[in-house]
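Engineer: Here it is, the structure in full.
The values are calculated or read from the model by the stated rules, or taken from the named source; none is laboratory data. In this text, all values refer to a predicted model and were calculated from it rather than measured experimentally. Cβ atoms come from the backbone with ideal geometry, glycine included; neighbour counts cover every protein chain shown.
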Amino acid sequence: MTKPWDTTSEHLLRELAPQVLGAVARRFRDFSAAEDATQEAMIAAFTQWPDQGIPDNPRGWLIQVASRRMTDGMRSEIARRERETAVAAETENLTSLAEIELEADMDPDDTLILLFMCCHPALTPSSAIALTLRAVGGLTTAEIANAFLVPEATMAQRISRAKQTIKTSSTPFRLPSAHERTERLPAVLHVLYLIFSEGYASSIGSHLQRFDLAREAIRLTRNTKALLPNNAEVAGLLALMLLTDARRAARTGQDEELIPLDRQDRSLWDREEISEGIELLTAALAKGSVGLYQLQAAIAAVHDETQRAEETDWPQILALYELLNRVSPGPMVTLNHAIAAAMVHGPAKGLELLRALDSDTRVAGHYRLDAVRAHLLEKMGDHQAAIKHYRIAAARTTSIPERNYLTTQAARLAGD
Amino acid sequence: MKYILMMNTMRAGHGVPEWPQKDLRAHIAFMMGLNKELRESGELVSAEGLAFPEQAKLVRAGKNGAPITDGVFPESKEFLAGYWIVDVDSPERAYAIAAKASAAPGPGGAPLNMPIEVRPIMSGPPPEML
């Protein structure tokens, strides 16, 4: 008996990926090989299920296929090592191992174990992102490669090296202790956030065909929240993603040009995402410990709840940035803080706050500092200086839509 | 982030380098090795070598949109000989790869120290400012 393949099937398959990997990794005690075997099982399912239907026990099917791959791999490894002797006995052992009941070694924490493993501190962000998408997200290497616009072979290498790093660090396949979890959760959340911003940033124009990484990040964060229901920062991150993603349809115009927040058509914002985000945030804030993601979500919520840009509650946003500055200080926070301060106390105040950043090497040459300065100078009425800084910012950004936007701002003022 | 590493070493009128075979082999092996290394590190997006400037044409549209080609270049003009596109975690890493390519062995096995132009590749917009 099989079920037909439909639009929800792909989702089901991806949800199963970390569970299958967890079961196989635990059974064979080899995360790296189990990860490859699971990927092969996923690809087999993607190839066969649409035609042949979904098996009755899809998880069992995947575990079985992955386990076979493992034993095949081990068999050829054994065969390579000792061509003649003792092989028969060993392979028999392996076969029976693969056939044992499949559900016994399921563990609901597997996805969580994998998340902590893939967001290992020894990995660079790009490796952690790639590995998380494959091992936890159940994406194929081809899909991940496509999302980051690199060749599939390059992405495969990146993933294989990431696994090598984990192997070298000899991280055991188990849930980190409560203490370790607290220590390493920020790294996990950061990786999820990076996946979201990569997707959100590239979700326009010629990149529209790319795999929807923003939605994938939301799905993974939603799963993480289900596994850590009492963690306010996980909820905060999910809220931040939803409250940001809600504006997706409004942030670009017909010609794919960027539309700043204050000029977006707010009727295009996704009300459902906004109300879910706000509900999550309200519950998270009630827990007491306010972190970086909850504060950013709170700022996003203030914007999302405002009907018209000119009604924005800037004093509240300013207060939130002041808090954020204390919880997680950094030049980008200062930059946004300056914008909020300018909205409340006037552009001179904002420009004064920006001056502190001129000597900060982390942001001194960054286009965003010039872009914000240009914006505030324009508000001061100093159009010549504003044009100059819009143009500097345009020359410094590496984003094409941003460069077009900034160049147009300069041209608009120059034409006055 | 992606970077393009451009090797601007070719000059018009100069053909293949006239080095001893041993040195030429070492140079080619080095370049192949570099590409292999970048592929294996999961950083190589693409790498291409370009044909010699003899085959280069400068094209402009004429009055009716028809191509007008121009192929005679001054000897001093530098041409792109080849490029790598890499996807790396930091600009420093892109510079390190460029430095490695720059030091490819030339005649007598001495490093050429060729200039490699490193430029960031434009991307989509960054996340919205809150």
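Engineer: Taking only pairs six or more apart or across chains, which ones have beta-carbon atoms under 9 Å, a first residue in the stretch B:109-130 that is within 14 Å of chain A (Cβ to nearest Cβ), and a second residue that is assigned to a strand (DSSP E or B) and modelled with pLDDT under 90?
Structural biologist: Listed by first residue and then by second, the contacts come to B:MET122/A:SER399; B:SER123/A:SER399; B:GLY124/A:SER399; B:PRO125/A:THR252; B:PRO125/A:LEU258; B:PRO125/A:SER399; B:PRO126/A:SER399; B:GLU128/A:LEU258.
Engineer: Tell me which of these B:LYS77 doesn't satisfy, since it passes every other one: (1) away from chain A (no Cβ under 14 Å); (2) on the phi < 0 side of the Ramachandran plot; (3) modelled with pLDDT of 85 or more.
Structural biologist: Only one criterion in (1) away from chain A (no Cβ under 14 Å); (2) on the phi < 0 side of the Ramachandran plot; (3) modelled with pLDDT of 85 or more is unmet by B:LYS77, namely (3).
Engineer: Shifting gears a bit: In the stretch B:47-59, which residue that is over 17 Å from B:ILE4 (Cβ atoms) and either at pLDDT 95 or above or in a strand (DSSP E or B) (or both) is farthest from the other protein chains (Cβ to nearest Cβ)?
Structural biologist: B:LEU58
Engineer: So which residues in the stretch A:248-305 are of a type in the set (S, T, N, Q) and either buried (at least 18 other Cβ atoms within 10 Å of the Cβ) or on the phi > 0 side of the Ramachandran plot (or both), if there are any at all?
Structural biologist: A:GLN264, A:GLN294, A:GLN296
Engineer: Output the number of residues of the stretch A:144-154 satisfying the condition of being more than 7 Å from chain B (Cβ to nearest Cβ) and either part of a helix (DSSP H, G or I) or not hydrophobic (A, V, I, L, M, F, W, C) (or both).
Structural biologist: Of the residues in that region, 5 qualify.
Engineer: Report yes if B:LYS22 is away from every other protein chain (no Cβ under 14 Å), charged (D, E, K, R) and assigned to a helix (DSSP H, G or I), otherwise no.
Structural biologist: Criteria met by B:LYS22.
Engineer: What's the total number of residues in the stretch A:384-401 that are within 8 Å of chain B (Cβ to nearest Cβ) and either part of a helix (DSSP H, G or I) or farther than 14 Å from A:LEU258 by Cβ (or both)?
Structural biologist: 3
Engineer: Can you pull out the residues in the stretch A:329-365 that are among the small types (Gly, Ala, Ser) and buried (at least 20 other Cβ atoms within 10 Å of the Cβ)?
Structural biologist: Residues satisfying the conditions are A:ALA338, A:ALA340, A:ALA341, A:ALA342, A:GLY350.
Engineer: When residues of the stretch A:146-182 are filtered for being of a type in the set (A, V, I, L, M, F, W, C) and at pLDDT 90 or above, how many remain?
Structural biologist: 6
Engineer: Could you list, in sequence order, the residues of the stretch A:348-363 that are in a helix (DSSP H, G or I) and hydrophobic (A, V, I, L, M, F, W, C)?
Structural biologist: If the condition is that a residue be in a helix (DSSP H, G or I) and hydrophobic (A, V, I, L, M, F, W, C), then A:ALA348, A:LEU351, A:LEU353, A:LEU354 are the ones that fit.
Engineer: Suppose the filter is part of a loop (DSSP other than H, G, I, E, B) and at pLDDT below 95; does B:LYS63 pass it?
Structural biologist: yes
Engineer: Moving on to the next point. How do the helices (runs of 4 or more DSSP H) wholly within the stretch A:245-333 filter down when requiring 2 or more residues that are under 30 Å from A:ASP358 (Cβ atoms) and at pLDDT 95 or above: which remain?
Structural biologist: Those helices (runs of 4 or more DSSP H) span A:292-304, A:314-327.
Engineer: List, please: which pairs have Cβ atoms under 6 Å, are six or more places apart or on different chains, and start with a residue in the stretch A:159-174 that is surrounded by 12 or more Cβ atoms within 10 Å (Cβ to Cβ) and end with one that is part of a loop (DSSP other than H, G, I, E, B) and not hydrophobic (A, V, I, L, M, F, W, C)?
Structural biologist: Final answer for the pair search is A:ARG161/B:GLY42; A:ILE166/A:HIS120.
Engineer: Here are some residues: B:LEU34, B:LEU44, B:LEU5. Which one is within 15 Å of the chain's Cα centre (by Cα), within 30 Å of A:LEU194 (Cα to Cα) and within 14 Å of another protein chain (Cβ to nearest Cβ)?
Structural biologist: Only one candidate passes the filter, namely B:LEU44.
Engineer: Considering only the stretch A:23-66, how many residues are assigned to a loop (DSSP other than H, G, I, E, B) and out of contact with any Leu (no Cβ under 9 Å at 6 or more places or on another chain)?
Structural biologist: Total meeting the criteria: 4.
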